[in-house]
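The block underneath contains the structure these notes are about, expressed in structure tokens.
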Amino acid sequence: MSSEDDFLVQLIVERGLVGSAEIEKARRELESADLIERPRRLSDILIEQGHVRSEAILQLLGEEFSMPVVDLTRYRPHPSALDSLPKEIAQRYHVLPLELNASAVRVAVSDPLDTDTIDSISHILQRPVDPVLALRDDIDRAIERHYGGGGETVQSFLKELEPGTGDEPSEEEDTEKDVRILDEPEAESEADAPIIRLVQMIITEAFNRRASDIHLEPLEKRFRVRYRIDGVLHEVEGPPKRLQLAIISRIKIMSNMSIAEKRLPQDGRIQLMVGGRQIDLRVSCLPTAHGESIVMRILDKEGLMLGLPELGFLSDDQAMFERLISLPDGIILVTGPTGSGKTTTLYACLNYINRPDRKIITVEEPVEYQINGINQVPVRPDVGMTFAAALRAMLRQAPNVIMIGEIRDLETAEIAINASLTGHLVFSTLHTNDAPGAITRMIDLGIKPFLVSTALRAAMAQRLVRRVCSHCGTAYTPDRRELALLNLEPERVGNVQFRRGQGCPYCANTGYRGRMGVFEIFIVNDEIQRMIYESATAHALRSRAREIGMRTMRDDGVRKVLAGLTTPEEVVSVTVGDLS
């Protein structure tokens, strides 16, 4: 028995995981085993005989060596970390690189006592290794799952696809061929079918790069593929134009769309496993001049941030918002354009107030993320289940809190107002440019001003800005142009140094990683209530709210620039400065 195994067995005995009888039984089997044909350790036999679980040993080692234990079935390695270590090396040493930064690389290992392996990986990567613990079987499975076929990427796979010989088929012939091949059940089971593999790899690569959307766009002479990452579209190498019809047909089959229909828009949904995690894709198909354009929205249930701090609130705004969403009744509106994070904010609110003594019901189109303990109702206009119809039924379920995906019409707005006036707390969204604009929008829908002033508790407008990369962000002194962009005087800045990312593998050389919100919280107090009742304009409401302390989104963005969380360019790109 090796000294490492001896130490581990002694540790197991000291912690009371097994007794001396089990140790002796395992020792006898070890003595009789053929260790040349099948090398084994005493700890391996204890696990095989069921005396101790491998998870318990791993946890024990983690506590002994002060090393974190990770569950690789729920962990997604960063692509740059995988790129840093070839698959064959990872398989040989049974390790998996997880994160890469300028100073070290985090690597999952199964044995903290195997210092030779850790030193070898450090030498190969030419940087220190920050080891974390994981089960060896989980590491091996994760290597296959995340590296795929020898680390194959979309780009490497496309290089293998050579154009077919002979004349190219016409569009009609090619379409018929695609439908005939892809619609056959046996094609689904052929993992090596080129189009099936290519579509799977496009989705997997987008997920690994943290994309929120995949855009497949047919142009006149090429088929463009773009990923939206942190709100910005990035073009990647696309498949040849000749594969356009086959790829679109494959995606339409996966999302249960009609392959034969090419003249009308279609919507669908795909569920699949990527990297050991189940993700949903909301698929939209739109006919264009050069073919059908596909957009797939990636809905990663496990990756949804549901905590208020992660949304980007600074401490004072977070405390204010927590007080608002803890009120017993009234309406709280979140406003902003599509893609500004309104839905994520609403889910964060529900998660914050979700308690066993509260009944929460939502009505959404569609239900994007499922939250435990909350009743979520999908809108289905095709069978008469509209927002208004769902709301009427929901009120008979005696909820405490109601969330409406979006107030779009007078009927929905009236029911929401009445619900708030009868003791319910109502959350919803509106498409307006700023927070005070929610007042005029509700009145434009047909709600009487006195009802709006009585029911509305607050409106919050928001936008999303990219965060400065935590790995490569460095301090710098802003020039006059950047100060002028934010309307800042040098005296206000003082000794504060701005931050910006230099670009590194962790942020894909963009200088940014992740996004956060900038917020404008408009609270309806007694004075604002009176102004709404008297039909004050949105400009008057905004001016008075600013006088009594409301910070605009530009103000909040400036605070986050001064805190080193984002850059002036990001704030200016999504917010409007004061004109008055």
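Between residue 235 and residue 126, take the C-beta separation as r, use R0 = 41 Å, and let me know the FRET efficiency to the nearest 0.05.
According to the calculation, E is roughly 0.85.
Carbon and sulfur: what percent of the chain's accessible surface (1.4 Å probe)?
Within the chain, the accessible surface is 48 percent carbon and sulfur.
What number comes out for accessible area per residue over the range 56-154 if the probe is 1.4 Å? Units Å², please.
Value for the range 56-154: 46 Å² per residue.
Order 362-372, 329-339 from most to least packed using the mean count of other Cβ atoms within 10 Å.
329-339, 362-372
Leaving out ligands and nucleic acids, note down the accessible area per residue over the range 403-466 with a 1.4 angstrom probe, in whole Å².
With all protein chains present, the range 403-466 gives 33 Å² per residue.
On full extension of the chain, what length is gained from residue 327 through residue 352, given 0.36 nm per residue of separation minus the C-alpha to C-alpha distance?
Gain in length upon complete extension: 7.7 nm.
Below 30 Å Cα-Cα, how many Lys pairs turn up in the chain? Only count pairs eight or more apart in sequence, or on different chains, if you could.
Taking the chain as the scope, the lysine pair count is 26.
For the peptides 478-485, 213-220, 344-351, what is the packing order when you average, over each peptide's residues, the other Cβ atoms within 10 Å and list the highest mean first?
With the highest mean Cβ count within 10 Å placed first, the list reads 344-351, 213-220, 478-485.
Ranking request for peptides 543-552, 380-389: highest mean number of other beta-carbon atoms within 10 Å first, then the rest in descending order.
Ranking the peptides 543-552, 380-389 by packing returns 543-552, 380-389.
Taking a quarter of the surface of the convex hull around the Cα atoms of the range 357-470, what do you get in nm²?
9.3
Using Cα Rg over 2.2 N^0.38 Å as the read-out, say which of [x] 1.32; [y] 0.94; [z] 1.16 was calculated from these coordinates.
Label [z] holds the value from this structure.
I want the local charge near residue 510. Using Cβ-Cβ distances under 14 Å, sum +1 for each Lys or Arg and -1 for each Asp or Glu among the other residues.
+4
The values are calculated or read from the model by the stated rules, or taken from the named source; none is laboratory data. All values reported here derive from a predicted model rather than from experimental measurement. When we count neighbours, we look across all protein chains shown, and the Cβ atoms used for this are built from the backbone with ideal geometry, even at glycine. Just so you know, the surface numbers come from the protein's heavy atoms only, side chains and all, with ligands and any DNA or RNA stripped out. Shrake-Rupley method; radii C 1.70, N 1.55, O 1.52, S 1.80 Å.
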